[in-house]
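Notes for the one structure printed next.
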Amino acid sequence: MTQNSSQNFSFRVVLILAHALALLPLAHLIFAALTGGLTVNPIQYVEQRLGDAAIAVLTADLAVNPAVTITGWHKLSKLARPLGLYAFGYAFAHFLVFIGLDFGFSGPLLWQELREKPFILLGLSALILLAALAITSFKWWMRRLGRNWKRLHRLVYVAGILVVIHYGLALKGDFFHLRGNELLPLLYAVVILILLAMRIPWVKRRLKRR
(Lines give C-alpha, C1' and ligand atoms only; values in the text may rest on other atoms or scores of the structure.)
Protein backbone atom coordinates (compact mmCIF):
# COMPACT_ATOMS: atom_id res chain seq x y z
CA MET A 1 0.00 0.00 0.00
CA THR A 2 1.45 3.40 -1.01
CA GLN A 3 1.75 6.26 1.49
CA ASN A 4 -1.10 8.17 -0.21
CA SER A 5 -3.34 5.11 -0.17
CA SER A 6 -2.52 4.53 3.49
CA GLN A 7 -3.32 8.15 4.36
CA ASN A 8 -6.56 8.05 2.38
CA PHE A 9 -7.61 4.86 4.18
CA SER A 10 -6.69 6.35 7.58
CA PHE A 11 -8.69 9.48 6.82
CA ARG A 12 -11.73 7.45 5.75
CA VAL A 13 -11.57 5.63 9.10
CA VAL A 14 -11.32 8.96 10.98
CA LEU A 15 -14.20 10.39 8.92
CA ILE A 16 -16.44 7.39 9.64
CA LEU A 17 -15.61 7.63 13.35
CA ALA A 18 -16.36 11.36 13.34
CA HIS A 19 -19.78 10.78 11.74
CA ALA A 20 -20.52 7.91 14.12
CA LEU A 21 -19.61 9.92 17.22
CA ALA A 22 -21.55 12.95 15.98
CA LEU A 23 -24.64 10.78 15.44
CA LEU A 24 -24.31 9.04 18.80
CA PRO A 25 -26.45 11.58 20.74
CA LEU A 26 -29.25 11.21 18.17
CA ALA A 27 -29.01 7.41 18.39
CA HIS A 28 -29.19 7.69 22.18
CA LEU A 29 -32.36 9.79 22.01
CA ILE A 30 -34.01 7.39 19.55
CA PHE A 31 -33.09 4.42 21.75
CA ALA A 32 -34.39 6.22 24.86
CA ALA A 33 -37.65 7.05 23.08
CA LEU A 34 -38.15 3.44 22.00
CA THR A 35 -37.35 2.00 25.43
CA GLY A 36 -39.17 4.52 27.61
CA GLY A 37 -35.99 6.14 28.84
CA LEU A 38 -36.91 9.79 28.30
CA THR A 39 -37.55 10.30 32.06
CA VAL A 40 -40.68 11.78 33.61
CA ASN A 41 -40.11 15.04 31.72
CA PRO A 42 -39.38 13.88 28.17
CA ILE A 43 -39.51 17.32 26.53
CA GLN A 44 -36.97 18.79 28.91
CA TYR A 45 -34.78 15.68 28.61
CA VAL A 46 -34.74 15.81 24.80
CA GLU A 47 -34.17 19.57 24.81
CA GLN A 48 -31.22 19.29 27.19
CA ARG A 49 -29.62 16.31 25.41
CA LEU A 50 -29.82 18.14 22.07
CA GLY A 51 -28.19 21.18 23.66
CA ASP A 52 -25.46 18.98 25.18
CA ALA A 53 -24.84 17.41 21.77
CA ALA A 54 -24.64 20.83 20.06
CA ILE A 55 -21.93 22.16 22.37
CA ALA A 56 -19.95 18.89 22.34
CA VAL A 57 -19.89 18.65 18.53
CA LEU A 58 -19.19 22.37 18.18
CA THR A 59 -16.16 21.99 20.47
CA ALA A 60 -14.97 19.06 18.34
CA ASP A 61 -15.38 21.27 15.26
CA LEU A 62 -13.30 24.02 16.87
CA ALA A 63 -10.56 21.47 17.57
CA VAL A 64 -10.10 20.59 13.89
CA ASN A 65 -7.87 23.53 12.95
CA PRO A 66 -5.52 23.10 15.95
CA ALA A 67 -5.35 19.36 15.20
CA VAL A 68 -4.20 20.15 11.66
CA THR A 69 -1.60 22.58 13.03
CA ILE A 70 -0.19 20.06 15.51
CA THR A 71 -0.20 16.97 13.29
CA GLY A 72 0.43 18.56 9.91
CA TRP A 73 -2.27 16.25 8.53
CA HIS A 74 -4.19 18.67 6.29
CA LYS A 75 -6.86 16.14 5.35
CA LEU A 76 -8.29 16.60 8.85
CA SER A 77 -9.52 20.03 7.78
CA LYS A 78 -12.22 18.21 5.79
CA LEU A 79 -13.85 17.27 9.11
CA ALA A 80 -14.71 20.89 9.85
CA ARG A 81 -17.72 21.20 7.56
CA PRO A 82 -19.57 17.99 8.57
CA LEU A 83 -18.93 18.63 12.27
CA GLY A 84 -20.11 22.22 11.89
CA LEU A 85 -23.29 21.05 10.15
CA TYR A 86 -23.94 18.49 12.88
CA ALA A 87 -23.46 21.17 15.55
CA PHE A 88 -25.93 23.46 13.77
CA GLY A 89 -28.38 20.59 13.32
CA TYR A 90 -28.38 19.77 17.03
CA ALA A 91 -28.61 23.45 17.99
CA PHE A 92 -31.53 24.00 15.61
CA ALA A 93 -33.32 20.89 16.89
CA HIS A 94 -32.73 22.12 20.47
CA PHE A 95 -34.30 25.46 19.50
CA LEU A 96 -37.29 23.81 17.79
CA VAL A 97 -38.00 21.62 20.82
CA PHE A 98 -37.78 24.70 23.05
CA ILE A 99 -40.17 26.93 21.05
CA GLY A 100 -42.38 24.13 19.71
CA LEU A 101 -42.78 21.35 22.23
CA ASP A 102 -41.96 23.36 25.34
CA PHE A 103 -43.88 26.56 24.50
CA GLY A 104 -46.16 25.51 21.65
CA PHE A 105 -44.93 28.38 19.44
CA SER A 106 -46.76 30.78 21.77
CA GLY A 107 -45.41 34.30 21.26
CA PRO A 108 -46.60 35.73 24.60
CA LEU A 109 -45.21 32.77 26.58
CA LEU A 110 -41.89 32.94 24.73
CA TRP A 111 -41.66 36.71 25.31
CA GLN A 112 -42.29 36.23 29.02
CA GLU A 113 -39.61 33.53 29.15
CA LEU A 114 -37.13 35.81 27.37
CA ARG A 115 -37.79 38.57 29.88
CA GLU A 116 -37.22 36.22 32.80
CA LYS A 117 -34.24 34.41 31.23
CA PRO A 118 -32.36 36.82 28.92
CA PHE A 119 -29.54 34.28 28.53
CA ILE A 120 -31.84 32.58 25.98
CA LEU A 121 -30.93 35.45 23.64
CA LEU A 122 -27.28 34.37 23.85
CA GLY A 123 -28.26 30.90 22.64
CA LEU A 124 -30.38 32.42 19.87
CA SER A 125 -27.49 34.67 18.79
CA ALA A 126 -25.20 31.63 18.64
CA LEU A 127 -27.80 29.75 16.59
CA ILE A 128 -28.02 32.62 14.08
CA LEU A 129 -24.23 32.61 13.71
CA LEU A 130 -24.17 28.82 13.26
CA ALA A 131 -26.94 29.08 10.66
CA ALA A 132 -24.94 31.65 8.69
CA LEU A 133 -21.84 29.44 8.86
CA ALA A 134 -23.79 26.32 7.86
CA ILE A 135 -25.37 28.05 4.86
CA THR A 136 -22.02 29.42 3.66
CA SER A 137 -20.03 26.23 4.31
CA PHE A 138 -20.35 25.03 0.72
CA LYS A 139 -17.86 25.62 -2.12
CA TRP A 140 -20.17 28.00 -4.02
CA TRP A 141 -20.08 30.40 -1.08
CA MET A 142 -16.31 29.96 -0.67
CA ARG A 143 -15.81 31.09 -4.27
CA ARG A 144 -18.33 33.92 -3.98
CA LEU A 145 -17.05 35.36 -0.70
CA GLY A 146 -13.34 34.87 -1.41
CA ARG A 147 -11.16 36.09 1.48
CA ASN A 148 -14.24 37.21 3.40
CA TRP A 149 -15.26 33.55 3.74
CA LYS A 150 -12.45 32.88 6.23
CA ARG A 151 -13.24 36.06 8.13
CA LEU A 152 -16.89 35.04 8.39
CA HIS A 153 -16.09 31.53 9.56
CA ARG A 154 -13.87 32.80 12.37
CA LEU A 155 -17.16 33.78 14.00
CA VAL A 156 -17.51 30.12 14.97
CA TYR A 157 -15.45 30.99 18.06
CA VAL A 158 -17.87 33.79 18.96
CA ALA A 159 -20.67 31.23 18.61
CA GLY A 160 -18.75 28.83 20.86
CA ILE A 161 -18.29 31.43 23.60
CA LEU A 162 -21.98 32.46 23.42
CA VAL A 163 -23.05 28.81 23.64
CA VAL A 164 -20.88 28.20 26.72
CA ILE A 165 -22.30 31.23 28.55
CA HIS A 166 -25.84 30.24 27.53
CA TYR A 167 -25.18 26.68 28.71
CA GLY A 168 -23.74 27.74 32.04
CA LEU A 169 -26.60 30.12 32.83
CA ALA A 170 -29.20 27.61 31.65
CA LEU A 171 -27.89 25.20 34.29
CA LYS A 172 -28.37 27.98 36.86
CA GLY A 173 -24.68 27.52 37.37
CA ASP A 174 -22.08 29.70 38.97
CA PHE A 175 -18.89 29.73 36.90
CA PHE A 176 -16.85 30.50 40.02
CA HIS A 177 -17.98 27.57 42.19
CA LEU A 178 -16.99 24.16 40.91
CA ARG A 179 -19.76 21.85 41.94
CA GLY A 180 -22.12 19.46 40.16
CA ASN A 181 -23.16 20.28 36.62
CA GLU A 182 -21.71 23.78 36.98
CA LEU A 183 -18.23 22.38 36.32
CA LEU A 184 -19.07 21.24 32.78
CA PRO A 185 -19.70 24.66 31.16
CA LEU A 186 -16.54 25.96 32.82
CA LEU A 187 -14.55 23.07 31.33
CA TYR A 188 -16.03 23.80 27.91
CA ALA A 189 -15.12 27.47 28.33
CA VAL A 190 -11.50 26.61 29.18
CA VAL A 191 -11.20 24.18 26.25
CA ILE A 192 -12.69 26.67 23.75
CA LEU A 193 -10.42 29.48 24.98
CA ILE A 194 -7.39 27.17 24.61
CA LEU A 195 -8.48 26.22 21.08
CA LEU A 196 -8.94 29.90 20.27
CA ALA A 197 -5.49 30.72 21.65
CA MET A 198 -4.02 27.98 19.43
CA ARG A 199 -5.14 30.00 16.39
CA ILE A 200 -3.07 33.04 17.39
CA PRO A 201 -0.36 33.29 14.67
CA TRP A 202 2.71 33.13 16.95
CA VAL A 203 1.21 30.26 18.97
CA LYS A 204 0.31 28.47 15.73
CA ARG A 205 3.87 28.82 14.46
CA ARG A 206 5.27 27.26 17.64
CA LEU A 207 2.79 24.38 17.50
CA LYS A 208 3.29 23.64 13.83
CA ARG A 209 5.09 20.37 13.27
CA ARG A 210 8.51 20.89 11.73
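The values are calculated or read from the model by the stated rules, or taken from the named source; none is laboratory data. Owing to the predicted nature of the structure, the values given are computational and were not obtained by experimental measurement. As a convention, Cβ positions derive from the backbone with ideal geometry for all residues, glycine included, and neighbour counts pool all protein chains shown. These accessible areas exclude ligands, DNA and RNA; they are computed on the full protein's heavy atoms, side chains included. Shrake-Rupley method; radii C 1.70, N 1.55, O 1.52, S 1.80 Å.
If you go through region 47-92, how many residues are open to solvent by 40 Å² or more (accessible area, probe 1.4 Å) and either over 22 Å from Leu29 (Cα atoms) or touching a Ser or Thr at 6+ places or on another chain (Cβ under 7 Å) (or both)? Total satisfying the criteria: 10.
Here Arg81 clears all of (1) farther than 27 Å from Val14 by Cα; (2) of a type in the set (D, E, K, R); (3) under 17 Å from the mean Cα position of the chain (by Cα) except the condition numbered (1).
Only one entry of Ala93, Ala54, Ala87 meets the criterion of being at pLDDT 95 or above, more than 12 Å from the chain's Cα centre (by Cα) and small (Gly, Ala, Ser), and that entry is Ala93. Filter region 100-123 down to residues that are closer than 21 Å to Val163 by Cα and over 25 Å from the mean Cα position of the chain (by Cα) and give me whichever is most open to solvent (accessible area, probe 1.4 Å). Selected residue: Arg115.
Residue-wise test of (1) under 26 Å from Arg154 (Cα atoms); (2) among the small types (Gly, Ala, Ser); (3) within 17 Å of the chain's Cα centre (by Cα).
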| residue | (1), (2), (3) |
| --- | --- |
| Ile16 | yes, no, no |
| Gly37 | no, yes, no |
| Glu47 | no, no, yes |
| Ala60 | yes, yes, yes |
| Gly72 | yes, yes, no |
| Ser77 | yes, yes, yes |
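Of all residues in region 133-159, exactly one satisfies the criterion of being over 14 Å from the mean Cα position of the chain (by Cα), open to solvent by less than 40 Å² (accessible area, probe 1.4 Å) and at pLDDT 95 or above, namely Thr136.
Considering region 7-46, the residues that are small (Gly, Ala, Ser) and open to solvent by less than 50 Å² (accessible area, probe 1.4 Å) include one that is farthest from Ser77 (Cα to Cα), namely Gly37.
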